[in-house]
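The values are calculated or read from the model by the stated rules, or taken from the named source; none is laboratory data. Because the structure is a prediction, the values reported are computed rather than measured. Note: ideal-geometry Cβ built from the backbone for every residue, glycine included; neighbour counts use all protein chains shown. Each accessible area value is taken on the protein alone, full model and side chains, heavy atoms only, with ligands, DNA and RNA left out. Shrake-Rupley method; radii C 1.70, N 1.55, O 1.52, S 1.80 Å.
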Amino acid sequence: MTVENKRNINDILKSLFFLLYFVILTAERLISLSASLPDVMQHGFFLDIYMTSVTIISIIGGWGWLIVRGRALFRFASEKTGNDYLEPSIAAGILLFGGMVHTYGSIPPLQFVSYGFLLGAMALYTWQCVRADGKPVLRWLTFAYITAFSMAIPVVYKNDCEIVRCKLCSVFYPVEIAVSAGLVILFTIMLHSFFKNKGVSSFCLYAVLIAVIGDAAVLFLRWHSEINFFVLIFIIVAAMLWGIGKAAYNRQKRKNI
């Protein structure tokens, strides 16, 4: 197999993985909507209405952005650069808003499969960039950091606190919604930058700082009723990878001077 053929196969796989993220997550969200929409229409609370609305808007917005501005993704056989994935990255972030709300009928395994394909496209792109331009440590640290960051985004879901008139629970939902939406936006920016800068991150302090503070607030407000170990573990991992990655980035920067 020639180098050209290998490149074409890699480009096809990246586009296919990206598209599978959209297809699988959208299918899961539509299944969930079909199960939850009748009940929400009849007697939905504010959070139910919010999660349903966000899901619908994210599907329409994500696919609309992809079809109108990210059409290059559908040209599987054509050779692609990182720039061809910039608009699809934004579309992926828009769709992710709907993926970060736990509506009735949600199927977490399907969601993880869809995210896995998106991360697979990123991993394949990282591998290509390493082969072409080197800097394996910095690039793989970037991939690992963005992956951990994405896993540290809290999913919006109902609080099962049984304490009547709990003051902490009264502010939990607004904080949870704000943190989740804010981190989805930051992840989208990071994903866009990842493809724009050939898999290299500058490890911005503000992003990880906002994530740590936001996740800490969500975890604190729910700590008395349930500990979200998944978010807790991944925000710690993301913070550690940020520190290691920032040191690697600064070292690489000094070498280039």
Spelling it out for V156: with amide H atoms placed in the peptide plane at 1.01 Å from N, the residues 5 or more places away or on another chain with amide H under 5 Å from its amide H are V101, H102
Using the heavy atoms of the protein chains and a 1.4 angstrom probe, tell me the accessible area per residue for the chain in square angstrom. 51
Calculated SAXS-style log₁₀ I(q)/I(0) at q = 0.13, 0.20, 0.22, 0.26 Å⁻¹ - the stretch 181-257, Debye, Cα scatterers: -0.48, -0.94, -1.06, -1.28
Let me check the size of the chain from its C-alpha atoms; what are the radius of gyration and Dmax in Å? 19.3, 67
Residues other than V130 with Cβ under 11 Å of its Cβ, Lys/Arg counted +1 and Asp/Glu -1, net out at +3
Along the charge dipole of the chain, which of T55, I244, M122 sits closest to the positive end, that is, farthest toward it, with unit charges on the beta carbon of Lys, Arg, Asp and Glu (+1, +1, -1, -1)? I244
If you look at just the Cα atoms of the stretch 9-162, how large are its Rg and its Dmax in Å? 17.1, 57
Gaussian network model of the chain, Cα within-10 Å springs - most flexible of F97, F22, F112: F112
Size of the stretch 115-239 as Cα extents on the principal axes (Å, biggest first): 59, 25, 19
For the chain, with a Gaussian network of springs between Cα atoms less than 10 Å apart, report the residue from W63, W223, W242 with the top mean-square fluctuation. W223
Selected from L205, N256, S225, residue furthest toward positive end of dipole (the stretch 196-257; charges at beta carbon): N256
Kirkwood Rh and Cα-based Rg: tell me the resulting Rg over Rh for the stretch 88-147, rounded to two decimals. 1.09
The chain - percent of accessible surface contributed by carbon and sulfur, probe 1.4 Å: 70
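Stokes-Einstein diffusion coefficient for the stretch 77-117 at 4 °C in a medium of 1.567 mPa s, Rh from the Kirkwood formula over Cα pairs: what value in µm²/s?
Reported coefficient: 107 µm²/s.
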Please give the contour-minus-distance gain from I60 to A27: 0.36 nm per residue of separation, less the Cα-Cα distance, rounded to one decimal in nm. 10.6 nm
Length-normalised contact order for the stretch 63-218 - Cα pairs under 8 Å, 6+ apart - percent: 32
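Of all the C-alpha pairs in the stretch 200-244, what % are more than 16 Å from each other?
38
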Segment N83-Y104, length gained on full extension (0.36 nm per residue, minus Cα span): 3.9 nm
Suppose every Lys and Arg Cβ carries +1 and every Asp and Glu Cβ carries -1, with no other charges. What dipole size does the chain come out with about its Cα centre, to the nearest 20 debye? 1220
Name the residue, out of R139, R131, R69, whose mean-square fluctuation peaks in a Gaussian network model built on the chain with Cα pairs under 10 Å. R131
